[in-house]
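I have placed the structure first, in the form of structure tokens, so that the comments after it can refer back to it.
Read-outs throughout are calculated quantities, based only on the coordinates presented, and are distinct from any laboratory measurement. This structure is a prediction, so every number in the text was calculated from the model and none was measured. Cβ placement follows ideal geometry from the backbone for every residue including glycine, while neighbour counts extend to all protein chains displayed.
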Amino acid sequence: MKIKLWSQRCIKVFILIEYYRQIMMKMKSREDKLKYNTKNDYIARGSGIIKYLQNDFEISSKNMATFMIIVSDNIATNKMIEYLGFENINNTIKSLGFNNTSLIAKRLDFDVYNSIGKTTAYEFASVFRKILKKEILSPNLCDEIIAILSCQTKNEMLIKDLPKKYLYEKGNKEADIRYIASKSGGLGSDNKNIITCRNDGGIVCTKLGTYIISIFINNFADFYFYSDNPATILGAKISSLLFENFEENDGKFKF
């Protein structure tokens, strides 16, 4: 059964795909400059680092897209939506066959919107599979997307219970874990109109092989964002069990 779940962060993977589609079509450039104006662009709530910066600035679109992914920056996401076009993002999502995924809000501002985007665990896993299999864009652009996703800092649910030695050595040529290219998501508020959820998913590449993981948990009571949130702990246990099963069975799952 495919269950619809709401999340403001998971939709950012689909925005990243639209960014690279427009680069592929030569509609945009990685060197395009995007300007941040405190008066117009600042939002107080949500994740990221730009809201803590005091001065206006401009950076490349590539760096803005990177902020959107690796620290899940909501202001960077707003700038990318503005830059790429709300309708363009949703049209590309639909063209990829994701009928249960869409960007809902034109601006990530929780004082304005209760829902930002929607997807399912199945479709979230499917988009990572398309990236891994190079079924969208071009092989080089898929590799560039994976490289950005591999720098993820908001991935507690996936890595919290994995072997610390493996994580320390991650990225080395002979490491047990070559890379984890992922994107987490989540919503939480005392506003009863907002569905509380914690989600994470991505590509786990190991020396034994590669697998796709997608974990969506919703409708739990503790909506606060912290590393020991019960939903995060549960997701981490699921991730760890899958990793152990894959490793114990020489790169295959046996249940």
Exercise for the section: With springs connecting C-alpha atoms under 10 Å apart, model the chain as a Gaussian network and identify which of LYS183, LYS35, LYS160 has the largest mean-square fluctuation. Expected result: LYS35
Handout entry: Angle between the chain longest axis and helix 86-95 axis [Cα atoms, degrees, rounded to 10]
Key = 30
Completion exercise
Answer in debye to the nearest 20: the dipole magnitude of the chain about its Cα centre, from +1 Lys/Arg and -1 Asp/Glu charges placed on Cβ, is 480
Exercise for the section: Show the residues, 5+ positions off or on another chain, whose built amide H is closer than 5 Å to the amide H of THR206. Expected result: ARG178, TYR211
Exercise for the section: Identify which of ALA121, ALA175, ALA65 has the largest mean-square fluctuation in a Gaussian network model of the chain, with springs joining Cα atoms closer than 10 Å. Expected result: ALA175
Handout entry: For TYR36, distant residues with modelled amide H under 5 Å away
Key = PHE57, GLU58, ILE59
Completion exercise
With DSSP loop assignment and no more than 15 other C-beta atoms within 10 Å, the GluC sites (Glu not before Pro) in segment 43-137 are GLU135
Practice task
Could you list, in their original order, any pairs among LYS12/LYS170; LYS118/LYS173; LYS39/LYS130; LYS28/LYS160; LYS33/LYS165; LYS134/LYS192 whose Cα atoms are separated by more than 31 Å?
Solution key: LYS118/LYS173; LYS39/LYS130; LYS28/LYS160; LYS33/LYS165; LYS134/LYS192
